[in-house]
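Asker: What follows is a single structure, and I will ask about it in a moment.
The values are calculated or read from the model by the stated rules, or taken from the named source; none is laboratory data. Remember, it's a predicted structure, so these values are computed and weren't measured experimentally. Heads up, the Cβs are rebuilt from the backbone with ideal geometry, glycines too, and the neighbour counts pull from every protein chain shown. Remember, those area values only see protein heavy atoms, side chains included, never the ligands or the DNA or RNA. Shrake-Rupley method; radii C 1.70, N 1.55, O 1.52, S 1.80 Å.
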Protein chains: 2
Amino acid sequence: MSDVKTQSPAANAPGDHPRNMANAIRALAMDAVQKANSGHPGMPMGMADVATVLFQDFIKLDPANPSWPDRDRFVLSNGHGSMLLYAVHYLLGYSDMTIDQLKQFRQFGAKTAGHPEYGHALGIETTTGPLGQGLTTAVGMALAERMQNARYGDDLVDHYTYVFVGDGCLMEGISHEAIDLAGHLQLSKLIVLFDDNGISIDGKTSLATSTDQVKRFEASGWHAEHVDGHDPDAVREAIKRARASDKPSMIACKTIIGFGSPKLAGSEKSHGAALGDEEIAATRKQLLWTAEPFAIPEEVVAGWREVGKKGAAARAEWEKRHAASPKAAAFDASLTGDLPADFAESMSQYRAKLSEEKPKIATRKSSEATLGLVNDLTELTIGGSADLTHSVFTLTKGMQSVQAGHYDGRYIHYGIREHAMAAVMNGLALHGGFIPYGGTFMVFADYARGGIRLSALMGLRVVYVFTHDSIGLGEDGPTHQPIEHLAMLRATPNILVFRPADAIETAECWEIALTERHRPSVLSLSRQNLPTVAGGASENRSRKGAYVLREAEGERQVTILATGSEVEIALAGADKLAAEGIRAAVVSMPSWELFVEQDDAYRASVLGTAPRIAIEAAARFGWDRWIGETGRFIGMNSFGASAPAPLLYEHFGITAEAVLAAGKELAR
Amino acid sequence: MSDVKTQSPAANAPGDHPRNMANAIRALAMDAVQKANSGHPGMPMGMADVATVLFQDFIKLDPANPSWPDRDRFVLSNGHGSMLLYAVHYLLGYSDMTIDQLKQFRQFGAKTAGHPEYGHALGIETTTGPLGQGLTTAVGMALAERMQNARYGDDLVDHYTYVFVGDGCLMEGISHEAIDLAGHLQLSKLIVLFDDNGISIDGKTSLATSTDQVKRFEASGWHAEHVDGHDPDAVREAIKRARASDKPSMIACKTIIGFGSPKLAGSEKSHGAALGDEEIAATRKQLLWTAEPFAIPEEVVAGWREVGKKGAAARAEWEKRHAASPKAAAFDASLTGDLPADFAESMSQYRAKLSEEKPKIATRKSSEATLGLVNDLTELTIGGSADLTHSVFTLTKGMQSVQAGHYDGRYIHYGIREHAMAAVMNGLALHGGFIPYGGTFMVFADYARGGIRLSALMGLRVVYVFTHDSIGLGEDGPTHQPIEHLAMLRATPNILVFRPADAIETAECWEIALTERHRPSVLSLSRQNLPTVAGGASENRSRKGAYVLREAEGERQVTILATGSEVEIALAGADKLAAEGIRAAVVSMPSWELFVEQDDAYRASVLGTAPRIAIEAAARFGWDRWIGETGRFIGMNSFGASAPAPLLYEHFGITAEAVLAAGKELAR
């Protein structure tokens, strides 16, 4: 452990301006947590000195223009320390971060939520709280910066991404994925400041870890060093070295959690609870901070406001460059995220072509074909895969790989890192200028869950391409066969889950996913070949989530609901029923979420009043909503098995014969 | 990159015994994958030399007694190379791994599933396939070995855990959690052999990673080195050094994927597809391997069988020590996994006491109290938490921390590593001698998903303690508030999900979880205080999954279904309905899975025929099964928010008033 400057009063003497600027953060954090009687004062108090140096001397942002595209990004990955962010935003003068908001910390409807929530207040670049997500999302932002830079040049895109991380972020597995990828891609404008306080919730981190973090980052190609996090000069010099490095940088800032608190500094007791009035008073005394709760001396506020003035000047300079840049129009257009004007028409023509050609291919292949068209129509899309490129078919013709020094590519080899793929895609989407999509096997949505949930919570346009979406993948067996995953994804708020039945629905679902600006989408795609069944319609029928694919000849006696690869089986079942004189309608349900959004009348017209059978090679869970108490479900009741796919469908009874049998029993 | 011995015929000359033993693995892998026309030949061919050295010179196992407790554990973390394991088991003479089974590779019902499946064949120590799980589970096994050793001494417990890992295992985030934890705990009998072939599915690993793995492992306190994986002598010496080290060891074995194949060696094309008859013939020629497909020369088989003879001798020695050991009886008892004879009676008395005392505490606190009793009754239980010990209350009085050199503890500080916690618990359970439980906030089940699924797939007695199980956690906000997690867990096959309503149900659910030998359990527990509502019954009513907690006075007009913290609200709602003259029954449903397993008559008696209202502070997804098409659901339709819990319940309308309103509308 490096030496840490003691908390001597001298270091906090009045007139010691930097320390007082930091103490403003400490005081606001203590006060707000105390008023809420909930929250985490320890981190803001520990990292206040580092934050002060970073914002005062380095960060480029303009609080009056919080969305200025070339601002530096600041991510608080240890999001429980949210009061640091809110305090800084108040001190910087963000218009919506008033002292009243700080007094409303963690209260209903306040901008000052328990953890920083993207969209709740100006300048919050991403939602953080689940540890390690912020770090990895920041890798995506730093990568987006380089990729935009490669397209539009230094004049328009040239900013840093700074991240605060804690011990938790660096213990979580996702941190390895982030570090490995960022090092590989040499994201030299990514600078991570590690709150190296040696404390986590259970107590000393030495209870659970012995990793030498500097050595660890170096092993992945980073510039890394230790610094005393309470020595502003040392921090400043370290950040300078980081900015000068041609590698991403990690600065392990040795800090004291709860710095300034006579009794609780250095203890996990300052991590996640209010300090108490008495200890806050003692801390004020020790910090020589005499201002009342929630009051900040004018000269301290003035000091912080200088940051914004510098930022405003930098922004003015940028505006000039922007005005002069021949690439400004294209750059601005990329930030709108608008698809080209002929997008809908092109997709419509493409569907018409498929209607004629009637390909019999796996929907993962249909997805590839659609992406071939999409990626020609727009340059916004950025593809990628977690090392399954040639299985999930996310790489289309002409796409070059994004690599260190070659940031003009459009395809990211995420490596065998599903979690990082999700969080990096979040970062690409948050940064602006791109629509990321990334592929893996559906079962490995498990590994990416933490990132997927944040895509949904933040409402980001990110598309997950999940292939091999059932026992239809065959021989790889139960570890690779999703069962509960559709339920898991459909149960998650604010995600569109698509399970297209054929090439046409795949194109339809892609079109919706790309035009849906405030929700992530999942495409659930087959490994096995599927015939074209949805031909002949001019409109995008998947938009309504479910539709009658084949009406019964005459009044329905039974309605068969199916998705994806089981629509073919539903149709075959309907044929068998017809052969026995039973009139069955077949409904394709590519997206439950969109179907739920339709009006009652439409839903009733699709579902009908006849008894219903659902067929999907997945868990029943959730299907009762559609089949009712008297319906039947044909699908999986257990994990899968290792065998060729047709045998598995037979073994698990997901067949046209099963549809026939159920239909005969149910038909009214 | 270190030099790799070329594939010269000389290195494969007949009579070059070790190479021919390795070539037997290669030939069987090629042949089986070719016959299945599915599978992964590249890894077995690349790691055959390493496997041969490891098994021939080091591994201690007795194929005739595959469950001998003190055998070395061998884990194939890169499970797609399953043919290596099956070939080795055939060559070693495991009774169930016949040549016929190898010919049935990846076919329905065969022991030779696509990935190694625990329980499918003798000697498969764990299910692998999802990358990184095997490595982390092996950390659990190696830790279990030390913990058993601390209890029963070297005479009874003294074995190694060997793991093969690939690039994928080491790119996945979970690997960091495993490496960090194993290094911290100084698990010196854990030896990892890394198939450092520089190839993954997309092509060269240099597409996606630049990490220096040796340096990375060293940063976490491991002994690590490079070796030429095709130089048996070098591998042997490296393993010797690893065994001598007082740290866990990683040996990066530089190998050639698909070694021996003239055209495909060194290429990703040998990773995941059959080589083809022509290339197999050419490979046979290059390897100077003249035997027919699936035929192994007698002297080669004889060479492999020597391994088992050595193992049998070692086992015989162990049996002698066992017979002489005063600790043998206790050791044997620990392996049965039996709870003490008075367990059920003690739990029953405890429930009776709660019935009288009627505590009003959070179910996380009730869980702590139950665990206090359980941990006194049996020493099998091993607690732990992913750094939320004092929030999830998994540490009971007198439990000591497991630390390097202090393996006699019973509490594991897993660090901020939920995924490792799950996989390590799997390893503890697989090793035998322990019942692991571990706690975190329910929302972080997301981070542990990969490990939880394997608990379920393998049917292990592992207990997940997931507290803060709804918006009831309050101010931490939407990133910390589970919404879809109960659905995700309930949709997963072979898990018991418990959401107890009070202290009594919590004790009941713990009792079931601990006595359930072949399923993992999840306990979903509240942060907020809950009154005792389930008093007065002598039997464990949670065993039936759901039961009528309060019957209506007279014929039911409405039935209210609830779980966990919402049972209190359901009762209050029933009171309000009663005040308006509406007769409502309240059903507590602590476990859907157990309720599904009851007979129709019981289920019908509980659910009744009156209209139903369900109340749960979570997603509706799945509830339609219980409320039917005409029922009502009171719960969450979105992500949560940051505010004090009572306000959130009010805001999201999860209240007794909402029950009253719904009941008035529905009551018949």
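Asker: In the calculated pair distance distribution of the stretch B:258-305, what percentage of Cα-Cα distances lie above 12 Å?
Answerer: 66
Asker: At 7 Å along the Cα-to-beta-carbon direction for both A:D154 and A:L335, put a label point, then send me their distance in nm to one decimal.
Answerer: 2.1
Asker: With a/c under 1.5 counting as rounded, go ahead and sort the stretch B:616-663 into rounded, prolate or oblate using the C-alpha gyration tensor (a ≥ b ≥ c being the square roots of the eigenvalues; past the cut-off, prolate if a/b is larger than b/c, else oblate).
Answerer: Cα axes put the stretch B:616-663 in the oblate bin.
Asker: Quick one: with label points 7 Å out along Cα→Cβ, list the inter-copy distances for B:T630 in nm, shortest first?
Answerer: Spacings between copies for this position, smallest first, are 1.2 nm.
Asker: What translational diffusion coefficient, to the nearest whole µm²/s, does the protein assembly as shown have by Stokes-Einstein, given a Kirkwood radius computed over alpha-carbon pairs, a temperature of 4 °C and 1.567 mPa s viscosity?
Answerer: 40
Asker: Further, regarding this structure: Distance in nm between label sites at A:K397 and B:S267, each 7 Å beyond Cα in the beta-carbon direction?
Answerer: 2.3
Asker: So, one more: Could you compute the FRET efficiency for B:K310 and A:N529, with r as their C-beta to C-beta distance and R0 at 56 Å, rounded to 0.05?
Answerer: Rounded to the nearest 0.05, the efficiency is 0.65.
Asker: Using 0.36 nm per residue of separation minus the Cα-Cα distance, give me the extension gain between B:E379 and B:A579 in nm, one decimal.
Answerer: Length gained, B:E379 through B:A579: 67.0 nm.
Asker: A further question on this structure: How large is the charge dipole for the stretch A:437-530, taken about the Cα centre, if only the Cβ atoms of Lys, Arg (+1) and Asp, Glu (-1) carry charge, to the nearest 20 debye?
Answerer: The calculated dipole for the stretch A:437-530 is roughly 440 debye.
Asker: Which of rounded, prolate, oblate describes the stretch A:13-87, given a ≥ b ≥ c as roots of the alpha-carbon gyration tensor eigenvalues and a/c under 1.5 marking rounded, otherwise prolate only if a/b is larger than b/c?
Answerer: oblate
Asker: Quick one: helix A:133-152 against the long Cα principal axis of chain A, what's the angle to the nearest 10°, folded into 0 to 90?
Answerer: Helix A:133-152 and the main axis of chain A meet at about 80 degrees.
Asker: Of the trypsin sites (Lys or Arg not before Pro) in the stretch B:372-443, which ones lie in a loop per DSSP and count no more than 12 other C-beta atoms within 10 Å?
Answerer: Loop-located and lightly packed - B:K397.
Asker: Apply the Karplus curve 6.51 cos²θ - 1.76 cosθ + 1.60, θ = phi - 60°, to the phi angles in the stretch B:153-162 and return the couplings in whole Hz, x for Gly and Pro.
Answerer: x, 4, 4, 9, 9, 6, 9, 9, 10, 9
Asker: For helix B:277-287, what angle does its Cα long axis make with the longest principal axis of chain B, in degrees from 0 to 90 and rounded to 10?
Answerer: In chain B, helix B:277-287 runs at an angle near 60 degrees to the longest axis.
Asker: May I pose another question? Which pairs break 21 Å Cα to Cα here: A:K204/A:K285; B:K576/B:K664; A:K215/B:K240; B:K35/B:K269; A:K269/B:K247; A:K60/A:K309?
Answerer: From A:K204/A:K285; B:K576/B:K664; A:K215/B:K240; B:K35/B:K269; A:K269/B:K247; A:K60/A:K309, over 21 Å: A:K204/A:K285; A:K215/B:K240; A:K269/B:K247.
Asker: Next up: Would you list A:S267, A:S605, A:S526 from the most to the least accessible area, probe 1.4 Å?
Answerer: A:S605, A:S267, A:S526
Asker: I've got another one for you. Which of the residues in the stretch B:638-659 show a loss of at least 40 Å² in accessible area from their chain by itself to the complete set of protein chains, at a probe of 1.4 Å?
Answerer: B:F639, B:S642
Asker: Once R0 is set to 51 Å, what does the formula 1/(1 + (r/R0)^6) return for the Cβ-Cβ distance between B:A295 and B:N637, expressed as a FRET efficiency to the nearest 0.05?
Answerer: The value I calculate is 0.20.
Asker: Averaged per residue, what accessible surface does chain A expose to a 1.4 Å probe, in Å²?
Answerer: 30
Asker: Continuing with this model, one more query. In square angstrom and rounded to 100, what buried accessible area do you get between chains B and A, total over both, with the probe at 1.4 Å?
Answerer: 8300
Asker: Based on the mean of other beta carbon atoms within 10 Å per residue, what is the order of A:148-158, A:641-651, A:478-488, most packed first?
Answerer: A:478-488, A:641-651, A:148-158
Asker: With a ≥ b ≥ c taken as the square roots of the eigenvalues of the C-alpha gyration tensor of the stretch A:104-155, please select rounded if a/c is under 1.5 and otherwise prolate if a/b is larger than b/c or oblate if it is not?
Answerer: Verdict is oblate for the stretch A:104-155.
Asker: In whole percent, and with a 1.4 Å probe on the protein chains, what portion of the accessible area of the protein assembly as shown is carbon and sulfur?
Answerer: Ligands and nucleic acids excluded, carbon and sulfur give 49 percent.
Asker: In vacuum, with every alpha carbon of the stretch A:55-154 counted as one equal point scatterer, what does the Debye formula give for log10 I(q)/I(0) at q = 0.11, 0.21, 0.25 Å⁻¹? Two decimals, please.
Answerer: Reported log10 I(q)/I(0), two decimals: -0.34, -1.12, -1.41.
Asker: Using protein chains only (no ligands, no nucleic acids) and a 1.4 Å probe, work out which residues of the stretch A:165-184 have their accessible area cut by at least 10 Å² relative to the chain alone.
Answerer: A:G168, A:M171, A:E172, A:G173, A:H176, A:E177, A:D180, A:H184
Asker: Using a 1.4 Å probe on protein heavy atoms, which residues of the stretch A:380-417 have at least 20 Å² less accessible area in the complex than alone?
Answerer: SASA drop of 20 Å² or more in the stretch A:380-417: A:D387, A:L388, A:H390, A:Q403, A:H413, A:I416, A:R417.
Asker: Still on this structure, I have one more. Using all alpha carbons of the stretch B:560-638, what is the percent of pairwise distances in each 10 Å bin, ordered from the shortest bin to the longest?
Answerer: Bins of 10 Å from zero give 18, 53, 26, 2 percent of pairs.
Asker: Can you list the distances in nanometres, one decimal and ascending, from the A:P531 label point to the identical position in each other copy, with the point 7 Å along Cα to Cβ?
Answerer: 6.3
Asker: What's the extension gain from A:L122 to A:E665 if we count 0.36 nm per residue and subtract their Cα-Cα distance?
Answerer: Answer, rounded to one decimal: 189.6 nm.
Asker: So, one more: Along the charge dipole of the stretch B:190-296, which of B:A265, B:L275, B:V227 sits closest to the positive end, that is, farthest toward it, with unit charges on the beta carbon of Lys, Arg, Asp and Glu (+1, +1, -1, -1)?
Answerer: B:V227
Asker: Mind giving me the nanometre distance, one decimal, between the label points for B:A324 and A:K215, set 7 Å out from Cα along Cα→Cβ?
Answerer: 4.1
Asker: About the Cα centre, and with charges only on the beta carbon of Lys, Arg (+1) and Asp, Glu (-1), how big is the dipole of the stretch B:301-421? Nearest 20 debye, please.
Answerer: The calculated dipole for the stretch B:301-421 is roughly 260 debye.
Asker: Right, something else. Can you tell me the equivalent ellipsoid semi-axes for chain A? Use √(5λ) from the Cα gyration tensor, largest first, whole Å.
Answerer: The equivalent ellipsoid of chain A has semi-axes of 52, 26, 22 Å.
Asker: When each pair of different Cα atoms in the stretch A:373-421 is counted once in the 1/r mean, what is the Kirkwood radius in angstroms, to one decimal?
Answerer: 11.2
Asker: Can you show me the helix-derived [θ] at 222 nm for chain B, built from DSSP H runs with n ≥ 4 at -39,500 (n - 2.57) apiece and divided by the number of residues, rounded to the nearest 500.
Answerer: Roughly -13000 deg cm²/dmol at 222 nm, from the helical runs in chain B.
Asker: Pairs of Cα atoms under 8 Å, at least six residues apart: use those to get the relative contact order of chain B, whole percent.
Answerer: In percent, rounded to a whole number, it is 12.
Asker: Any chance you could get the radius of gyration and Dmax over the Cα atoms of the stretch A:217-257, in Å?
Answerer: When restricted to the Cα atoms of the stretch A:217-257, Rg and Dmax are 10.4, 31 Å.
Asker: Give the nm distances, rounded to one decimal, from B:A312 to the matching residue in every other copy, measuring between label points 7 Å along Cα toward the beta carbon; shortest first.
Answerer: Its label point is 8.8 nm from the equivalent points in the other copies.
Asker: Farthest toward the dipole's positive end in the stretch A:438-552, which of A:F498, A:A552, A:S526, given Cβ charges of +1 (Lys, Arg) and -1 (Asp, Glu) about the Cα centre?
Answerer: A:F498
Asker: As I understand it, the dipole of the stretch A:397-500 uses +1 on the Cβ of Lys and Arg and -1 on the Cβ of Asp and Glu, about the Cα centre. Which of A:V443, A:H485, A:V463 lies farthest toward its positive end?
Answerer: A:V463
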